[in-house]
Amino acid sequence: MPCKSLTYLFLLLCACGFSTTLFAHGVDDSTKQFLLANQGVSIIPYMYIGAKHMVTGYDHLLFLIGVIFFLYRSKDVIVYVTLFTIGHSLTLMFGVLYDIAMNAYLIDAIIGFSIIYKGFDNLGGFKRLFGFQPNTKAAVMIFGLFHGFGLATKIQEFEIPQDGLFENLIAFNIGVELGQFSALMFVLIALSFWRRHPSFLRFSTATNALLMSSGVMLVGFQLTGFFTTV
């Protein structure tokens, strides 16, 4: 019974993508007011905002769930998460500091596609349909770059004062990493327990199919937003 409960809980987490990924980059009113009114360096508040954004950023978390789903060694988890972190940290910082403007709908559509890619990869789709396997490490880092632009485009929506911008961005990025670490610890604990039971392999296909479906929903929503606003 505990095994079944954990299985249903994990599937529910992935299924949440159908509804919650659509609002993955939402910013609540209190955060908006702070970002617009803040002056100077505010390390702790920006760390908190970064952590909260990652924990509630279901698109980022769903992609990372797909990345670590079949990683059994701690070393592999660290390598892949580090590559993702390097990717999104670079574009987050450069995107904001150098004001690299990108359409938020298209960036979020690519993020949704990254979820589709990872679920498809976990299902062995590339080998079965195309007879080859893409470089998984390179793919994770490349998609990490787009995830970072997703964070950058959200920050760019606000006219954040230049005074203390670099320090605040560093704090925000640290907060993102802390939020990512906290969320992944929970996922890894759940996965390590689930993997001990036969239901893991039995439901792995359904779980990754849900990841892909969630990505499809997000891509469709974002492209609809793009074409209705151009």
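Over all directions, average the projected area of the Cα convex hull of region 156-230 and note it in nm².
On the way: hull surface 30.6 nm².
In nm², the orientation-averaged hull projection of region 156-230 is 7.7.
Among Gly144, Leu123, Gln180, whose Cα lies farthest out toward the positive end of the dipole of the chain, if unit charges sit on the beta carbon of Lys, Arg (+1) and Asp, Glu (-1)?
Farthest along the dipole direction, towards plus: Leu123.
Please work out the Kirkwood hydrodynamic radius for the chain, using every pair of different C-alpha atoms, and report it in angstroms with one decimal place. Don't skip to the answer; put the middle values down first.
Numbers: mean 1/r = 0.0550 Å⁻¹.
When all Cα pairs of the chain are included, the Kirkwood radius is 18.2 Å.
List the aspartates and glutamates whose alpha-carbon lies under 12 Å from that of Lys52, not counting same-chain residues fewer than 8 positions away?
In chain and number order, the partners are Asp28, Glu177.
Within the accessible area of the chain, what % is carbon and sulfur when the probe is 1.4 Å and the other protein chains stay in place?
Details: 8040 of 11440 Å².
Of all accessible area on the chain, carbon and sulfur atoms account for 70 percent.
Please list 3J(HN,Hα) in residue order for region 100-106, calculated via the Karplus relation 6.51 cos²θ - 1.76 cosθ + 1.60 where θ = phi - 60°; whole Hz, with x for glycine and proline.
Each residue's phi maps through the Karplus curve to give 7, 7, 9, 5, 4, 5, 5 Hz.
Could the peptides 90-102, 214-226, 120-132 be put in order, highest first, of the mean number of other beta-carbon atoms found within 10 Å of their residues? Could you put the intermediate results ahead of the total?
Numbers: 90-102: 16.4, 214-226: 19.3, 120-132: 13.2.
With the highest mean Cβ count within 10 Å placed first, the list reads 214-226, 90-102, 120-132.
For Asp59, Asp76, give the ranking by accessible area with the largest first, probe 1.4 Å.
Numbers: Asp59 0, Asp76 40 Å².
My answer, sorted largest first, is Asp76, Asp59.
With charges only on Cβ, +1 for K and R and -1 for D and E, what is the dipole size of the chain about its Cα centre, in debye, rounded to 20?
Details: 13 positive and 12 negative charges, 267 e Å.
That gives the chain a dipole magnitude of about 1280 debye.
Quick one: accessible surface of Thr229, probe radius 1.4 Å, all protein chains present, in square angstrom to the nearest 10.
It works out to around 80 Å².
Per residue of the chain, what 222 nm ellipticity follows from adding -39500 (n - 2.57) for every DSSP H run with n ≥ 4, rounded to the nearest 500?
Computed ellipticity for the chain at 222 nm equals -26500 deg cm²/dmol.
Run the reach check for Lys127 against lysines, Cα to Cα strictly under 24 Å, same-chain hits fewer than 8 apart removed. What comes back?
Filter leaves Lys118, Lys137.
What percent do you get for the relative contact order of region 86-158 when only Cα pairs under 8 Å and 6+ apart count? Before the final figure, lay out the partial values.
Details: 65 pairs, mean separation 47.5, N = 73.
Computed value for region 86-158: 65 percent relative contact order.
How high is the relative contact order of region 29-161, given as a whole-number percent (alpha carbon pairs under 8 Å, six or more residues apart)?
On the way: 115 pairs, mean separation 53.7, N = 133.
So the answer I get is 40 percent.
Please work out the average accessible area per residue across the chain, using the 1.4 Å probe convention, and give it in Å². Working shown, then result.
On the way: 11440 Å² over 230 residues.
Per residue, the chain has 50 Å² of solvent-accessible surface.
The values are calculated or read from the model by the stated rules, or taken from the named source; none is laboratory data. Just so it is clear, the model here is predicted, and its values are computed rather than measured. Every residue, glycine among them, receives a Cβ derived from its backbone with ideal geometry; neighbour counts consider all protein chains shown. Remember, those area values only see protein heavy atoms, side chains included, never the ligands or the DNA or RNA. Shrake-Rupley method; radii C 1.70, N 1.55, O 1.52, S 1.80 Å.
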